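Peer 1: Sharing a structure here in structure tokens format.
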Amino acid sequence: MRTIIAIAALAALAACGQPAPEAPPEPEAPASLQAQARAMDQGTRQVFAYQQLVTHLQTQGATCTGPRGVEARGTVPENVAPDSIYAPFAGADAYTVQCGEQLTTVRADPRERWLVIFAPDAATPQVVNCATDRGVDQCAAREIPTAAPAQ
């Protein structure tokens, strides 16, 4: 019995000098999609934009039949043309994704082209269909339109 008490006392004394176990580190806040995309190489960014579109469309009950093309449009400048589809997204990174069959005999449908936006500090993308009500492709120009400088 004395032996058990002595061992318990030694264990208690040894524990007194030990530092308290460290608390696990706080989980880092998830980076914005823009930050995540910017950490990737250009080709991977385009795949990421397509994947984000597919996820978004699935939540809407829609699909993208396949990526016919994905283009990085760059960061929307502060002087973006106020009448363009890009106007609400100054400071965000823009990608277009054309869904549809990859056949040269099949014309791309503007209703299947999407603008995928990664805004600063946003955890989810903003997705806008590029077609107007009349089927005109608002994302057809490869450059983000800018406003004319004031004179």
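Peer 1: Kindly check whether there is at least one residue in the range 117-133 that is outside any strand (DSSP E or B) and in contact with a Cys (Cβ under 6 Å, 6 or more places away or on another chain). Reasoning before the result, please.
Peer 2: From the range 117-133, those outside any strand (DSSP E or B) are 119-125, 130, 132-133; that's our starting set.
Narrowing the set further to residues that are in contact with a Cys (Cβ under 6 Å, 6 or more places away or on another chain) leaves 130.
Yes, because at least one residue in the range 117-133 is outside any strand (DSSP E or B) and in contact with a Cys (Cβ under 6 Å, 6 or more places away or on another chain).
Peer 1: Also, quick follow-up: Hey, among the residues in the range 35-63 that are touching a residue at least 40 places away in the same chain (Cβ under 8 Å) and among the charged types (D, E, K, R), which one's farthest from Cys130 (Cα to Cα)?
Peer 2: Among them, the one singled out is Arg38.
Peer 1: Counting only residues that are acidic (Asp, Glu) and within 21 Å of Ile85 (Cα to Cα), which one in the range 100-121 is surrounded by the fewest Cβ atoms within 10 Å (Cβ to Cβ)?
Peer 2: Narrowing the range 100-121 to residues acidic (Asp, Glu): 101, 109, 112, 121.
Those still in the list that are within 21 Å of Ile85 (Cα to Cα) too: 109, 112, 121.
Values: Asp109: 15, Glu112: 19, Asp121: 10.
Going through the qualifying residues, I end up with Asp121.
Peer 1: Quickly run through the range 59-90 and pick out the residues that are under 22 Å from Ala108 (Cα atoms), outside any loop (DSSP other than H, G, I, E, B) and in contact with a helix residue (DSSP H, G or I) (Cβ under 8 Å, 6 or more places away or on another chain).
Peer 2: Pro67, Arg68, Val70, Glu71, Ala72
Peer 1: With farther than 25 Å from Gln36 by Cβ and outside any loop (DSSP other than H, G, I, E, B) as the only criterion, which of Arg107, Arg111 stands out?
Peer 2: Values: Arg107 fails: outside any loop (DSSP other than H, G, I, E, B).
Within the list Arg107, Arg111, the selection yields Arg111.
Peer 1: Okay, moving on. If I go through the range 79-90 residue by residue, how many of them are without any contact (Cβ under 8 Å) to a residue 60 or more places away in the chain and in contact with a strand residue (DSSP E or B) (Cβ under 7 Å, 6 or more places away or on another chain)?
Peer 2: Qualifying residue count, the range 79-90: 5.
Peer 1: When you look at Gln102, is it outside any loop (DSSP other than H, G, I, E, B) and among the polar types (S, T, N, Q), yes or no?
Peer 2: Values: outside any loop (DSSP other than H, G, I, E, B): no; among the polar types (S, T, N, Q): yes.
No; evaluated as a whole, the condition is false for this residue.
Peer 1: Pick from Val97, Val70: which is touching a Leu at 6+ places or on another chain (Cβ under 6 Å), under 20 Å from Leu33 (Cα atoms) and surrounded by 14 or more Cβ atoms within 10 Å (Cβ to Cβ)?
Peer 2: Numbers: Val70 fails: touching a Leu at 6+ places or on another chain (Cβ under 6 Å).
Sole residue among the options that is touching a Leu at 6+ places or on another chain (Cβ under 6 Å), under 20 Å from Leu33 (Cα atoms) and surrounded by 14 or more Cβ atoms within 10 Å (Cβ to Cβ): Val97.
Peer 1: Right, something else. Could you say whether any residue in the range 53-71 is β-branched (Val, Ile, Thr) and within 30 Å of Ala148 (Cβ to Cβ)?
Peer 2: Looking only at the range 53-71, we keep the residues that are β-branched (Val, Ile, Thr), and these are 54-55, 59, 63, 65, 70.
Among the residues that remain, those that are also within 30 Å of Ala148 (Cβ to Cβ) are: 70.
So far as the range 53-71 goes, yes, one or more of its residues are β-branched (Val, Ile, Thr) and within 30 Å of Ala148 (Cβ to Cβ).
All of the numbers you see were taken from the coordinates with simple rules; none came from a lab. Computed from a prediction, not measured in an experiment: that's the story for all the values here. Cβ atoms come from the backbone with ideal geometry, glycine included; neighbour counts cover every protein chain shown.
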